[in-house]
Every structure is written in structure tokens, then in C-alpha cells.
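Participant: This is the structure I have questions about; it appears just below.
Bear in mind these aren't lab numbers, they're just calculated from the coordinates by the rules spelled out. Small disclaimer: the values here were computed from a predicted structure and weren't measured. Note: ideal-geometry Cβ built from the backbone for every residue, glycine included; neighbour counts use all protein chains shown.
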Amino acid sequence: MAFLKTGFVSETTPQLRGDGLMMRPPAPSDYMAWADLREASRDHLTPWEPKWARDELSRWAYRRRLRYYQRDQREDLGYAFFIFAEQTGDLVGGVTLSNVRRGVTQACALGYWLGERYAGYGHMRRAVALATEYAFDDLRLHRIEAACLPSNAPSIAVLRKNGFQEEGLARRYLKINGAWCDHLLFSLLIDDPRPAKDIGS
């Protein structure tokens, strides 16, 4: 896998490549592909995400999202990536490294989503592997945290296949689709053992 290296708080745009994927920050020109994929995957995504706003997929809401992502990257608070299939250029989903904390913590939170038509092919397992390497090697973080609903077996599998360890249950941790829900908490440390790169999907 190859990285276009960027130090943290860099003004350059990070791009991650490897395992058949290319990941880069969202751009204005991605709007139609993003809105189409999210709309086609609405029933697949809404059980696992915060409640969608009425204008969730509008161009205006997308522009607002981009401004938020750009501010976070500029201030070293978060890094958002769209995931593309390298051969076709198709947008397949997204990954975020958010809530970056420096000082004595050196940690962030991992989040991700995948279009329904691309589920089951190992795309997210590979994308999370790329994102974790970026977090440790480029951002120089010590710890990556993730949380998912106990019923979300595919998400749990993605985390475990990337070496994340379960740390416990957080009661009513996040408001998902309009309801406060318990979440399983996972983490990966920079010196934790990680699976070999040729693991299966």
C-alpha cells in the first residue's frame, strides 16, 4: 500500500491508496455520486446513523458538510475520506477520523459508512486498515476508538478483523435514528498486533 505522505496539520490533501482502494477528502465534484449512493442506501444506513435531516441529501447540506470537514482538517480536529474503488473510480463509502485529541491523549474516533450495493466485498475492512495506518503513521496518534451497536454484526467484524479490541458496553451512548442506544466500545493502540494484510474479507 502506498501513501502520499502528509504531516498532521498539513495544508496538502491526503490520499491513501492500497488493496484496490483510493481514499481522499470529499470534494464539491463528488456531490452527485454521494447523494445518489446515500439515497440508494437509505434503508441500509438509517438504522445505524443519527437521524437524517429533511435536507440531508441537498446540495446545500453537502456544502455545509464540506466546510465542516475542511475546518476540522485545518485545525487538526478530524480527517474525512471518501472511499473509491481504484479500478472503476466508483464511490463506495466514507471513513472519518474525528474528535482528534492531542496532548497526553493522542487519540481519535473512527467512523464509517458503506453503500449498500458494495457491502459484503471487504471494502470497509480494507478502508479501515488504510485509515488506521494513516492515523498512526501520519497523524502520529496513539489510540483509535470506535463504537457500534451490539446488533451491527458486520461493523463488529470489520473492527475485529483490523485488530480492534472490545473494551465494554457504553449505555445509551449515542443517539441513533432518533433513539439513545447502547454501544460496544472498541480500541486499537499503535503497538497492538494487527492482522496480516492478506486476511480474507
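Participant: If you plug each phi of the range 18-25 into the Karplus form 6.51 cos²θ - 1.76 cosθ + 1.60 with θ = phi - 60°, what whole-Hz ³J(HN,Hα) values come out, in order, with x for Gly and Pro?
Facilitator: x, 6, x, 10, 10, 10, 8, x
Participant: Another question, if that's okay. Mind checking the range 132-201 for GluC sites (Glu not before Pro) that DSSP puts in a loop (not H, G, I, E or B) and that have at most 15 other Cβ atoms within 10 Å?
Facilitator: Loop-located and lightly packed - none at all.
Participant: Within a 10 angstrom radius of the beta carbon, how do His123, His183, His142 rank from fewest other beta carbons to most?
Facilitator: Values: His123 23, His183 19, His142 15.
If I rank by nearby Cβ atoms, fewest first, I get His142, His183, His123.
Participant: Out of residues 5 or more away from Asp182 or on other chains, whose amide H comes under 5 Å of its own, with H placed 1.01 Å from N in the peptide plane?
Facilitator: Arg172, Tyr173
Participant: Provide the net charge surrounding Trp113, with neighbours chosen by a C-beta distance below 11 Å and charges set as Lys +1, Arg +1, Asp -1, Glu -1.
Facilitator: -1
Participant: Could you list Thr46, Thr96, Thr132, Thr105 in order of exposure, starting from the residue whose Cβ has the fewest other Cβ atoms within 10 Å?
Facilitator: Numbers: Thr46 15, Thr96 18, Thr132 23, Thr105 11.
Going from least to most buried by this count: Thr105, Thr46, Thr96, Thr132.
Participant: Name the trypsin sites (Lys or Arg not before Pro) in the range 74-107 that are in a loop by DSSP and that have at most 13 other C-beta atoms within 10 Å, would you? Before the final figure, lay out the partial values.
Facilitator: Values: sites: Arg74, Arg101, Arg102; in loops: Arg102.
Passing both the DSSP loop test and the Cβ count: no residue.
Participant: Taking the number of other C-beta atoms within 10 Å as the exposure measure, put Ser151, Ser187 in order starting with the fewest.
Facilitator: Ser151, Ser187
Participant: Ok, one more. How large is the helix-only mean residue ellipticity at 222 nm for the chain, computed as the sum of -39500 (n - 2.57) over DSSP H runs with n ≥ 4, divided by its residue count, in deg cm²/dmol to the nearest 500?
Facilitator: -7500 deg cm²/dmol
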